[in-house]
Structure formats: C-alpha cells, structure tokens
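What follows is one structure encoded as structure tokens, with my remarks underneath.
Just so it is clear, none of the values below were taken in a lab; they were calculated from the coordinates. Quick caveat, the model's predicted, so the values are computed rather than measured. Using ideal geometry, Cβ is built from the backbone for each residue, glycine included, and neighbour counts are taken over all protein chains shown.
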Amino acid sequence: MQITDLRSDTVTKPTPGMLQAMFSAEVGDDVYGEDASVNALESKTAALFGMEAGLFCPSGTMTNQIAIKVHTQPLTEVICDITAHIYQYEGGGIAFNSAASMALVHGTRGKMTPQQVEAHIRPPDNIHFPETKLVALENTCNKGGGTYYSIEEIAAISRVCRRHQLALHLDGARVFNALAASGDSAQDYGRYFDSISVCLSKGLGAPVGSVLLGSSGFVNRARRVRKVLGGGMRQAGYLAAACIYALDHHVERLQEDHRKAKELEAALLQTDYVESVLPVETNIVIFRLNAVYSDKAFVDALASKGIRAASFGPQMVRFVTHLDVTEQMLQHTLQVLQALSRTPVTTA
Ligand SMILES: *Cc1c(COP(=O)(O)O)cnc(C)c1O
C-alpha cells in the first residue's frame, strides 16, 4: 500500500536531483572553515535574508538554542508565545543551556501583539524580577495551525524591542511558508531581526540542516556555542549541498503545499466528524474531532487506508502537506476523509 505521510513536513526524502547535488558536493573540514559547500550555504542564506553571516547546524533546535544562549545570560528572561516550539518542544533547553527564565504570552494562534510583548517586559531597575533580554517569534506558528506574521506586524514588534533594547529572534522553521503566503520579502527580515533560524529540512525537503543568521559578531559567538554543543561537523558539505539545492528548487513550489492544505480543510469541513478546523493559512491543518471518533481512533482509521496523521492532543489531529505529498495522494486522502463520514455528503 502506498503511504501518504501527513504527520509532518520533516518526513520528506531527498529527490534524485538533490541526491545528485549531494554526490557532487565540494567538501572540506568545516570546523577548520574549509568546507566550500557549507560556506556557500551560509553566505547564500545570509544574503537572502539581508543578514551578515550564517552558521550551519544539524537542527532547528540547535540554531534556536544557540541563538538564545548568545542573546541571554543567566537570570535574564525570554518573551515568547506559550505555544512556541522553543518552550514546548525543545526539552526545556532554555533552562538547561541558558539558565534563563521565560515570560509566556497567551497570544492568538501563536502570534503575539506588540502590546502583549511590551506588557511582559520586566521593570529593568527592580531586582525582584529577571531582566528581560530577548523576544522570540515563530513564523509560521506550528501550534497555531500555520499562522504567519506579516512584515508590518514584525516591524511593530521590532520597534518595541528596539525601544527597550531587547534582541529579537525568529524561529523560522517554516519561514519560507510564511513568505510564500504573505508575499513579504526575505530581505526585509534582516532589518527587524537580530537573529533568524532558517530550517531546510522541513518544507524545503533537505534531509538535515538549519542555518542561524545574524551579524558577523553574533555568528562568531554562535560558532563557539555550536562547538561546545558538539555541533561542529566535518565534511558537512554533503548536507549543505542538499540545502542549497532546496533553496534553489523547493521554495517556489510551496504555494502548492498551501493549496493542498486548503483542499484538506475544505474536505474536513464537509464531514460529520469534524467539530472545527483552524483556518488554514499555509501548510498545516489542525482540526478538532467531535464525539464520532477519538483522535486515536481517527488516526488509526486513516492508517488502515495508508494515511499517516499526527494526534495533536485530545480530539485534535494535525495534517502537514509537503514536497512528498503528490496530487494523487491528496485525491486519495480527500476520498478517504469523505468515506469516513457516517452520513456521506450527497450532491444534489
Ligand atoms: C521543527 C521545528 C523546529 C526545529 O526542529 P528540529 O527538529 O530540531 O530541526 C523549531 N521550531 C519549529 C516551530 C519547528 O516546527
């Protein structure tokens, strides 16, 4: 049976073209700074986002954790939305790596307003409080159902940060999805963020890798932290070549993933077992089931038809579209979603 894997956009496998690029990569020892492909990826990604320098890392968790480590000291605090990956899904790494605390904002579908950010800044001259140092945004917001910040919203939060001398970090695990949906330019991001984590192994389809962007000084310090975390890789150019290929070939097609996610949303809204769907903005579809199925029963029912989905909490399920979800897989999924309805839709 053909498997349609909608659990995450991390499940993609390298395409033949990407494998070819990997096989023919020019490599060297990247800890010595001698890997041409890594150097090319770092400068290409930095240029794309209007930033000075980049640092290739094995994962988005590492790029986020390094950025937070460089921006903070112990006894300082990071402001982020309560749904943020850096808080929910990085194993408590901020406490472990940076000994910093977190101020959690109850935003809307993962997004904070400038007013909410400002309201969480601690009074700087009161020793009872941790010292606010960093604000971290996530774009798109995973737990928010793939919502995105527009450049105007980013600019407004950036103004709050500048006014209070706070650094602004972006967890851009799906930043290219945000750019595809908003039409904003990557170049503009460099004006507002002090650091950006860009993931190449999600929607862009590379097997491994994220790039951390910032000023040259920031990236020099980040390089030291990467080394101490064990992230100094040697002939990493084979991986970097896949990332370069992904940037060159897999950005333009993201709209297609968004269109497929919209079709899944529409099909779910036609069924009798879905209570609600978070309005789809990019490639993530999060929905709540009514009492007809539990999330586990529903995920199992899909699995029996060759469709893999992620249970996302009680009665909640997540689909993510990506490079390896073909048109034919989408059609199969749409049919299965309809068939799982107890009262199949009748067309007049
Ligand atoms: C996937 C993801 C990351 C990083 O994940 P890794 O698996 O460590 O590469 C960071 N932030 C968000 C929002 C993500 O979805």
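Contact order for the range 52-181, expressed relative to its length and based on alpha carbon pairs under 8 Å spaced 6+ residues apart, stands at 25 percent. Picking from A167, A291, A156, which is most flexible by a Gaussian network model of the chain using Cα springs under 10 Å? Sorting by GNM fluctuation, first place goes to A291.
Counting helices only, and only those DSSP H runs with n ≥ 4, report the 222 nm mean residue ellipticity of the chain as the sum of -39,500 (n - 2.57) divided by its residues, in deg cm²/dmol to the nearest 500.
On the way: 13 runs with 135 residues, N = 348.
Theoretical 222 nm ellipticity from helices: -11500 deg cm²/dmol.
As a rough footprinting exposure proxy, the listed residues I286, I66, I151 were ranked by other beta carbons within 10 Å of their own, and the order from fewest upward is I151, I286, I66.
As a quick test, which of the pairs K202/K305; K44/K262; K44/K202; K133/K227; K13/K111 have an alpha carbon distance above 27 angstrom in this structure?
K44/K262; K13/K111
Here the chain carries DSSP beta bridges of which approximately 50% are antiparallel, counting only pairs with both residues inside.
Each of V117, V251 was scored by other Cβ atoms within 10 Å of its Cβ. Listed from fewest to most, they are V251, V117. Hydrodynamic estimate: the Kirkwood radius of the range 228-311 over Cα pairs, inserted into Stokes-Einstein at 10 °C and 1.306 mPa s, corresponds to D of 100 µm²/s. In this structure, R221 and I127 have a Cβ-Cβ separation that, at R0 = 22 Å, corresponds to a calculated FRET efficiency of about 0.25. Could you work out the local net charge near T45, counting Lys and Arg as +1, Asp and Glu as -1, over the other residues with Cβ closer than 13 Å to its Cβ? Every neighbour counted, the sum reads -2.
Couplings 3J(HN,Hα) of the range 211-219, computed from phi: 10, 9, 10, x, 6, 4, x, 4, 5 Hz, in residue order, whole Hz [Karplus 6.51 cos²θ - 1.76 cosθ + 1.60, θ = phi - 60°; x for Gly and Pro]. If you take the square roots of the eigenvalues of the alpha-carbon gyration tensor of the chain and sort them as a ≥ b ≥ c, do you get rounded (a/c under 1.5), prolate (a/b over b/c) or oblate? Cα axes put the chain in the oblate bin.
By the scheme Lys and Arg +1, Asp and Glu -1, what is the net charge of all other residues having a beta-carbon under 12 Å from that of V11?
Values: positive: R7, K13, K202, R308; negative: D5, D9, D324.
After counting each charged neighbour, the total is +1.
Students often get this wrong: which residues of the range 229-256 have the backbone nitrogen under 15 Å from the point 7 angstrom along Cα-to-C-beta of Q20? Taking a point 7 Å out along Cα→Cβ of Q20, the residues of the range 229-256 whose backbone N falls under 15 Å are 242, 245-246, 248-250.
Provide the net charge surrounding V160, with neighbours chosen by a C-beta distance below 12 Å and charges set as Lys +1, Arg +1, Asp -1, Glu -1. All intermediate terms of the calculation are to be shown ahead of the outcome.
On the way: positive: R159, R162, R163; negative: E118, E153.
So the environment of V160 carries a net charge of +1.
Each of Y32, Y148 was scored by other Cβ atoms within 10 Å of its Cβ. Listed from fewest to most, they are Y32, Y148. A DSSP coil position with no more than 16 other Cβ atoms inside 10 Å describes the following chymotrypsin sites (Phe, Trp or Tyr not before Pro) in the range 77-124: Y89. Projecting label points 7 angstrom from Cα along Cα→Cβ for A301 and R109 puts them 2.5 nm apart.
Starting from 0.36 nm per residue, how many nanometres of slack lie between S185 and E52 once their C-alpha separation is accounted for? Don't skip to the answer; put the middle values down first.
Values: separation 133, 0.36 × 133 = 47.88 nm, distance 1.66 nm.
Result: 46.2 nm gained on full extension.
Checking the a/c ratio against 1.5 first, then a/b against b/c, what shape does the Cα gyration tensor give for the range 74-132? Present the calculation step by step, with values, prior to reporting the outcome.
Working: a/c = 3.45, a/b = 1.08, b/c = 3.21.
Oblate, because a/c is 1.5 or more while a/b does not exceed b/c.
When the chain is described by a simple charge dipole with +1 on each Lys and Arg Cβ and -1 on each Asp and Glu Cβ, the residue from Q20, S201, L278 located farthest towards its positive end is L278.
Under the definition of Cα pairs under 8 Å and six or more residues apart, what whole-number percent is the relative contact order of the range 253-342? So the answer I get is 32 percent.
Under a model in which nothing but the beta-carbon of Lys, Arg (+1) and Asp, Glu (-1) is charged, the range 1-77 shows a dipole of about 320 debye around its Cα centre. Mean separation of Cα pairs under 8 Å and 6 or more residues apart, divided by the residue count, gives the chain a relative contact order of 24 percent. Beta bridges per DSSP, both residues in the range 31-160: antiparallel share near 20 percent.
Here the range 224-239 is scanned for amide nitrogen atoms under 17 Å from the site 7 Å beyond the Cα of Y32 along Cα-to-Cβ, giving 232-238.
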